[in-house]
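A quick write-up on the structure given underneath.
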């Protein structure tokens, strides 16, 4: 099992933007301090700087300082949240998950899906396709509604030949008594083998299939 964590990006643009803003604010703070000290050093002792003006400048300086610290705190929070999300994703490695979609990975133990028909069907056919889109197996499916049915495939074609492991998908063709199509909701089952991180957060690897975290509906005990 390749329980690896990989990254699709060397750095997030949001962090680059925060660093640029922070640098700009620090430059403004340094410039302000330089000007403020220069004013104090060169003011006329007989006509010192107006107290109100000095107070306003100090307030502006404090605001810049607060903005710098706020940016640092926000960056730390974003970084901590990203770390927590990645850690949560890593915990899925080695677990069987159920997720929205009709693609999953065939292993030596086979491949599994689940489907739910919108209404009762007169006939149902479950078709299995390989990664190239070729039909490799078909069988009759369940016709009832209101119940989620399981479809477990051992990876053999209709001639009994074992097909290579890898990504496969199913298509549910359900027809009513008038030969009208019936919508089927499909879920796939797969073993999480790794995590991919990116700008939009981590995704799970089910073999060669990438599954978004928001597509996971539950974790299977199988």
Would you point out which residue out of 211, 196 is at pLDDT below 90 and part of a strand (DSSP E or B)? 196
Would you check which residues across the range 111-136 are within 17 Å of residue 158 (Cβ to Cβ) and loosely packed, with under 13 Cβ neighbours inside 10 Å and list them? 134, 135
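The values are calculated or read from the model by the stated rules, or taken from the named source; none is laboratory data. Note that the coordinates shown come from a computational prediction; the quantities given were computed from them, not determined experimentally. Here the Cβ is made from the backbone with ideal geometry for all residues, glycine too, and neighbour counts use every protein chain on show.
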